[in-house]
Each structure stands twice: as C-alpha cells, then as structure tokens.
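S.K.: Take a look at this one; I'll ask things after.
Values in this text are rule-based calculations from the coordinates and carry no lab data. Keep in mind that this is a model prediction, so the values were computed, not measured. Cβ placement follows ideal geometry from the backbone for every residue including glycine, while neighbour counts extend to all protein chains displayed.
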Amino acid sequence: MAKRKLFGQITQAFSSKAEKPDGVEDLELFEALKEENLRLTRALGELSMLNELAREIGASRNSDTIMDRIIRRSLKAVHAEQAVITMVSEQSLEPMKTLVRAMVTSAEHEQFHLSQNLLGWMHLNKKALLSNSPRADERFRGITWDDSIHSILCVPLMVKSELKGVLTAYNKKGGQKFTEDDQRLLAIIAMQSAQVIENARLYEEQEAYMRMQEEVRLASRIQLDLLPNEAPKIPGYDIAGRSIPAQMVGGDYFDFIPLQEDQMAVCLGDVSGKGLPASLLMANLQATLRSQSLHQISVSERIDRSNRLLYRSTDPEKFATLFYGVLDIKEHQMTFSNAGHENPYLLSGGTVAARLATGGTVLGVVDNFPYEEDVVPLQLGDLLVVFSDGITEAFDEEELQFGEEKLQQTIDECKNEPADAIIDRIIEAVQEHAGNASQADDLTLVVVKRVGL
C-alpha cells in the first residue's frame, strides 16, 4: 500500500511539475523516474503518431496524397517550418527531380528545395543528415545556402537498399536546433513510409500502362477500320492488299479509292516513325489523298497538292513515301507517280518489265516539288507488286536483310497464283527469313493482276 501511495505521489508530482513529493527521500531516484516517465510519454506519443500515419497512408493508393500526409505529419513530429519529399528516378531525364513539395501555410516562409549537392551526398551515403549550422558544415563547402535556412534534417527513403527519395525538414520552430531524437523519429517515419510510397507509385505506373495499352488497342482498331476491309471486285482484275504492323499500330498505309467510272486509285504509303505518332500521320496521309482524289486533276497534281498539305501540317522531321497509281479499267493501263517509295515490280510475260520509279521526292519535306507521272499498259497476265521497305529490309538473326533479290525470286515462284496467295507467299518468305528475329517494321503489300474475264 505504501508503494502504491508513493507511486501515485510521484505520478501526481510529474503531472503537476512539483519539485519532490512528500515521502520521497532519494532525489536522484526521483529525477531518474521523472525522466523515464517523460521518455515513456514521448515514446507513447511517437507510437501513436506513427500508428495514425500508418493508418492514413495505408488507406490510399494515391502517391501525392500519401506524400502530402507524410510531410504534414513530419512537420508536427519534429516541429519544423517546412518539409519536403524529393523523389528520385533512375529512368527520368531529371533523375533527382522534386516530385512533391509541401510546406506550412504561413506566407513568411519561402519554398525550399533540396540542392543537387545534398542529393548527391544522400546518393553516396544513404543515411540521415542533421546540420544545425549548414553554412559552417565542412561536409558542404561551396554550397550556397538560402539566408533563411538555419537548420536542416534529411533522411533517405530506402527500398531494398535503393534510394527512392529524400525526406527533408527545414528550420526547427522557435529558432531551436534539431536533435538526435528528431533525427531518429524522422528516420522511422521515412523507413515506415518508403515502401508505401513505392507501392503507390508502382500501382499508378501500372494503371497508366494499362490505360495506355487500352488507348493503343483502340487506336489499332481505328487504324484497321481505316484500311480497306476487302479488295475491290473488278472484272478482269485480281486485286489484294494487306498490312501487318510491327507494333499494335503502324505507319504503313494502303488504299483502294474509287474514282470516276472505270477508274480506281491504288495507294501504298510508308510514313516515318513507328507506333502511335506514325499511325496519326498515316491517318492524315489517307485523309489528304482521299480528298485530293475527288478532284478531276492529274495524278502528279494530286501528289503535288498532298505534298504541300503535309509539308504545312507536319513537323520538319516527319515525312512519307508514297506510290499512287490510277488504274484505268477500260483502257487497261495505270498512270502513276512514285514519291520516294520503293519501286514496285511490274511483271509482263513472266519477267520483270519495269520498276515504277517516275515521280519525285518523299512527301512533306519540300514545300513545292515538281512531281512527274508516267503511264504503263497492263496486258493480260501482267502482275504489279507494290511493297513497303519493311519487306526488303526485314532482318534475320544475323542482321542480314531479306533484300530485293529474294523478293523477286519469291515473286517469280508464285506469279501464277491468285493475288491474295502471292501476298501470303511473300509474307511467309519474309517471316521464314527473319526466323526468331523480331519484326522491326511494318509489312505491307498490294498486288494487282490482270486476268481473263
């Protein structure tokens, strides 16, 4: 009973801040107990704060929200004027870019940011840094500090021994100095928070990737809808076309555009680049050519106008190659212009009769270029094969190209087959040549064959 009474007196004395309760003879013991009680009270407060922080950040998957809550808890925990989380990324062009910054709302404090020197120090040392006199700190010679920075406390955000960011507190309130207890507590906050932040960032990256994949899937579907669903059925002609993109979307384009009676435009283009940017330029090229094909003008004039439109609506580094031919079904001839594209093969009598090269430079590079056109007759049995450079430039595992010689050999082997089968044979030959090498470019073909009625 006497001990309980004495403990009660001591507790009451601690809470009332009395010098020494009655019955306590050993002043040193009293002071030790008082100090231990204060330590336990402080530890209990820290545990409570850490538990609340864990509950707050554990309920969110938004990295901005999580970091904002960490920063605001850190401000209160170490009584700082401002706190900052600086995330670092090895993949970023700015590997030490500050992604999130939060500060006390008082307007008297300007926003501070961690210097490249301090970030470099943290990358090298990966441990807590406390400096109550940064200007006199020998570790940071040559660093120019803001006049209003009096003390700084940095702790690393580590995930599996890798630095993911830095939590920094500036200027302890009331002009006081940061203590080792402040450093210990901030380090615990950082240790507890680093993995949660990283998990949130990975979740956001996964969500962004999934959204991008869905957008690419939709873009691929739209692009397929832009290409002809089926080849035109024209008496006396066997026509086919196909495009296999290297990625989900591609930059190759082919089209069959009905013109006036007994005429049809046959197009095959290849825009610079790959992926989504190339697919957007491909759609632009298609719209341009279709609009120009409505005008009763020459083939070369259509290409000239298309070139000027592309030149004025695209960046200088963007361009497109194009073969554009108008098939005259009544006269059995094709008027064409080749804008820097691979020269198509025209086989007549079973041999290569011509490579259709007349035209000019690629589209979108020169504002005003005098494109030329030419006319070739199409005899019974003649075969026209138009292709993109993805066919001839397909690499095998030893980086050897398929090449025009193999293409011509393949055409010779299957020239008597239907147009669609010719495309199958060429694509099979290219894929067999490539083996396990990945497809680096789009594969696009158009075949026009004059057959008997």
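S.K.: Could you line up GLU204, GLU180 from fewest to most neighbouring Cβ atoms inside 10 Å?
M.R.: GLU180, GLU204
S.K.: Whole-Hz ³J(HN,Hα) for each residue in segment 192-208, computed from phi via Karplus 6.51 cos²θ - 1.76 cosθ + 1.60 with θ = phi - 60°, x for glycine and proline: what do you get?
M.R.: Values, residue by residue: 6, 9, 4, 5, 5, 4, 4, 4, 5, 5, 5, 5, 5, 5, 5, 4, 5 Hz.
S.K.: Counting other beta carbons within 10 Å of each residue's own, what order do HIS433, HIS341, HIS295, HIS150 fall into, fewest first?
M.R.: Placing the least packed residue first, the sequence is HIS295, HIS433, HIS150, HIS341.
S.K.: Mind sorting CYS267, CYS414 by how few other Cβ atoms lie within 10 Å of their own Cβ, fewest first?
M.R.: Fewest-to-most ranking of CYS267, CYS414: CYS414, CYS267.
S.K.: Step through the residues of segment 403-419 one at a time and calculate ³J(HN,Hα) from phi using the Karplus curve (6.51 cos²θ - 1.76 cosθ + 1.60, θ = phi - 60°), rounding each to whole Hz and writing x for Gly and Pro.
M.R.: Once rounded to whole Hz, the list reads x, 6, 5, 5, 5, 5, 5, 5, 4, 4, 6, 10, 5, 8, 8, x, 4.
S.K.: Under the rule of at least 5 residues apart or a separate chain, name every residue whose amide H is placed under 5 Å from the amide H of ASP374.
M.R.: PHE336
S.K.: While we're looking at this one, here's another question. Can you tell me what percent of all Cα-Cα pairs in segment 389-453 are more than 18 Å apart?
M.R.: Numbers: 709 of 2080 pairs.
Roughly 34 percent, once rounded to a whole number.
S.K.: Something else about it: Just to check I understand the Karplus step: with θ = phi - 60° and J = 6.51 cos²θ - 1.76 cosθ + 1.60, what whole-Hz values come out for segment 131-148, glycine and proline as x?
M.R.: Running phi through 6.51 cos²θ - 1.76 cosθ + 1.60 with θ = phi - 60° gives 9, 8, 8, x, 5, 9, 6, 5, 6, 10, 5, x, 7, 8, 9, 5, 4, 8 Hz.
S.K.: Along each of its three principal axes, how wide is the spread of alpha-carbon positions in segment 143-198, in whole angstrom units, largest first?
M.R.: 35, 26, 15
S.K.: Taking the Cα centroid of segment 243-320 and of segment 374-388, what is the distance between the two, rounded to the nearest whole Å?
M.R.: With segment 243-320 and segment 374-388 each reduced to a Cα centre, they are spaced 20 Å.
S.K.: Which pairs in the list LYS233/LYS415; LYS76/LYS177; LYS164/LYS274; LYS127/LYS177 are over 26 Å apart, alpha-carbon to alpha-carbon?
M.R.: Values: LYS233/LYS415 20 Å; LYS76/LYS177 15 Å; LYS164/LYS274 33 Å; LYS127/LYS177 19 Å.
Pairs exceeding 26 Å: LYS164/LYS274.
S.K.: I'd like the per residue volume of the convex hull spanned by the Cα atoms of segment 216-267, given in cubic angstrom. Before the final figure, lay out the partial values.
M.R.: Details: hull volume 4.0 nm³, N = 52.
Once divided by residue count, the hull of segment 216-267 is 76 Å³.
S.K.: Starting from 0 in steps of 10 Å, tell me what percent of the Cα-Cα pairs of segment 227-450 lands in each bin.
M.R.: Result returned by the calculation: 8, 35, 38, 17, 2.
S.K.: Enumerate the amide H contacts of VAL451 below 5 Å, restricted to partners 5 or more residues apart or on another chain; note that Pro and chain-start residues carry no placed amide H.
M.R.: Long-range HN contacts for VAL451: TYR237, ASP238, GLY381.
S.K.: Related question: Can you list which of the GluC sites (Glu not before Pro) found in segment 385-415 are DSSP loop residues with at most 12 other C-beta atoms within 10 Å?
M.R.: GLU397, GLU398, GLU399
S.K.: With a sphere of radius 10 Å drawn around the Cβ of GLN263, what net charge do the other residues whose Cβ falls strictly inside it have (Lys, Arg +1; Asp, Glu -1)? Walk me through the intermediate numbers first.
M.R.: Working: positive: LYS330; negative: GLU261, ASP262, ASP328, GLU331.
Computed value for this residue: -3.
S.K.: Give the relative contact order (percent, whole number) for segment 213-323; include only Cα pairs under 8 Å separated by 6+ residues.
M.R.: Reported as a whole number, the value is 23 percent.
S.K.: GLY165's amide H: which non-local residues (gap 5+, or another chain) put their own amide H closer than 5 Å, with H modeled 1.01 Å from N in plane and none for Pro or chain starts?
M.R.: VAL88, LEU157
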